[in-house]
Amino acid sequence: MDKVKGKELEDSLTFKWRNAWEVIDENERKKVFQVNEEYKEFLDKGKTEREAAKEIIRIAEENGFVSLDEIIEKKIKPKAGSKIYANNKDKSVVLFILGEEKLEKGMNIIGSHLDSPRLDLKQFPLYQEEGLALLKTHYYGGIKKYQWVTLPLALHGVVINKDGEKINVVIGEEENDPVFFITDLLPHLAKDQMAKTMAEGITGEGLNVLIGSIPYKDDEIKEKVKLNILKILNDKYGITEEDFTTAEFEVVPAGKSRDVGIDRSMVGGYGQDDRVCAFTSLKAILDVEVPKKTAVALFVDKEEIGSLGNTSMESKFFENVVSELINLTEENYSELIVKRALANSQVLSADTVAGFDPNYPEVLDKRNSPYIGKGLVLVKYTGARGKSGSNDANSEYIAKIRKIFNDNNVVWQMGELGKVDQGGGGTIAYILANYGMDVVDCGVCLLSVHAPYEIASKVDVYMAIKGYKAFYMA
Ligand code: MN
Ligand code: MN
């Protein structure tokens, strides 16, 4: 008798996070696999912030979003259900679906970032050394340098030539394209290298990309291999060496994202931090008709290097766009209405977090770590060394989100990044919180975050879409 009572008590008082695969039915399982085919395509089409922004705008336009510039130019009066987007220098984008309520009442915002760790070419990158041509790089964001040697690399970027024309370059993604490569030392001669720490074994100045080895046939020329590379680039793209100074080239892992696992339960691919949240929030907003509050999907740049610069969250871009919308929708524009619209908003800061990794249990608190496959992750606080630098969301707001997720059968979990003294990180959450908005971090957990190849669970991708949509509709 007591045993039955104990079990009842346990069921009613204790709590366990659920594995989303065990919760969903056959119908939802089908949807999980379907939507992840789209997700992989999104990852493959948007390997840089520029490419991801372009793809988001393409999809948004296909779904009836009109650019803010066009709305202002044609003096269109937006109304509830109007779909509007604004493009910030081709690197960050924001989508709005105007709600039934006035903007002044606040917006439901999901904010993710489009930039990912990578190697950028320096502004004078090309050189020849002993018959080989190489490119100097300067890494972007938090990378483990040793992960970037001996893997096929692709070059993505734009060049602005002397006439001001913008030339798009992508080399290394088509099946027949050549790829690029950073060499590593053979083990036979690596005695000194192997004695170094992993942080020092490969250096930043050592991340030089091999780009060619055939000399230009002319005995008068000193750097023949370099000249031959410049000739090929000039023949194909019309660019010269000086044009590198006005180029933005990013070196990223070559190739497409793939299914991982014999059960195909996971996606492996580059740049899932944070394009997994970009994709899922995009999918969610595309499914919204006329929300009560204005729905906003915000995709920013430069998060990985501290959210500075005019395409980052710290820039005034978003605030300025909200001002434009208030100017379009209100009889009498005032800054006070803008301030109210921002302060009354609620935000999911959509970013990735490390999932529990059985290979590294020593750095993760397994009672508070998120797990891949257990759904969308709410992160109350980020930061490092005593929550330093963290937004630390209010319980009142988290309770609201908890109810939205539970009411809509969203499988979710609470998680934090690693053990207390191991380090930490940050997101764009605190920047939006400065307006007085309610903000909580809410995203997908990954394995191997910031590696050239990151892993996400397909069911988490699905739950993120479901959770984000429920948030927009609430
Ligand atoms: Mn991130
Ligand atoms: Mn990151």
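The values are calculated or read from the model by the stated rules, or taken from the named source; none is laboratory data. Quick caveat, the model's predicted, so the values are computed rather than measured. Reconstructed Cβ throughout: ideal geometry from the backbone, glycine too, with neighbour counts over all protein chains shown. Protein only, heavy atoms only, side chains kept; ligands, DNA and RNA dropped before computing areas. Shrake-Rupley method; radii C 1.70, N 1.55, O 1.52, S 1.80 Å.
Odds and ends about this structure:
- Summing Cβ point charges (Lys, Arg +1; Asp, Glu -1) relative to the Cα centre of the chain gives a dipole of roughly 1220 debye.
- Selection from F15, I171, V449, by position along the positive dipole direction of the chain (Cβ): F15
- Kirkwood hydrodynamic radius of region 1-91, from inverse mean 1/r over distinct Cα pairs, in Å: 17.9
- Once the 1.4 Å probe is applied to the protein heavy atoms, the chain comes out at 50 Å² accessible per residue.
- Based on every Cα atom in the chain, Rg and the maximum pairwise Cα distance Dmax equal 24.2, 98 Å.
- If you take all other residues with their beta carbon under 15 Å from the beta carbon of G238, and give Lys and Arg +1 and Asp and Glu -1, the sum is -2.
- Alpha-carbon centroid distance for the pair region 196-272 / region 274-344, whole angstrom: 35
- Solvent-accessible surface (1.4 angstrom probe) belonging to K45, in square angstrom, nearest 10: 90
- DSSP-defined beta bridges in the chain - what % are antiparallel, rounded to 5: 70
- Taking the 1.4 Å solvent-accessible surface of region 1-107 as the whole, the part contributed by carbon and sulfur is 51%.
- 3J(HN,Hα) along region 182-199, derived from phi through the Karplus expression 6.51 cos²θ - 1.76 cosθ + 1.60 where θ = phi - 60°, amounts to 10, 6, 10, 6, 5, x, 4, 10, 9, 4, 5, 4, 5, 7, 7, 6, 5, 6 Hz, with x in place of Gly and Pro.
- Atom-type composition of the exposed protein surface of region 379-474 places 48 percent of the accessible area on carbon and sulfur (1.4 angstrom probe).
- Net charge of neighbours whose Cβ lies under 12 Å from the Cβ of S457, counting Lys and Arg as +1 and Asp and Glu as -1: -1
- Calculated on the Cα set of region 118-253, radius of gyration then Dmax: 15.9, 51 Å.
- Taking every alpha-carbon pair under 8 Å whose residues sit at least 6 apart, the chain reaches a relative contact order of 22 percent.
- Accessible-area rank, largest first, for L186, L13, L155: L13, L186, L155, with all protein chains present and a 1.4 angstrom probe.
- For region 225-330, applying the loop criterion from DSSP together with a ceiling of 10 other beta carbons within 10 Å to the GluC sites (Glu not before Pro) yields E289.
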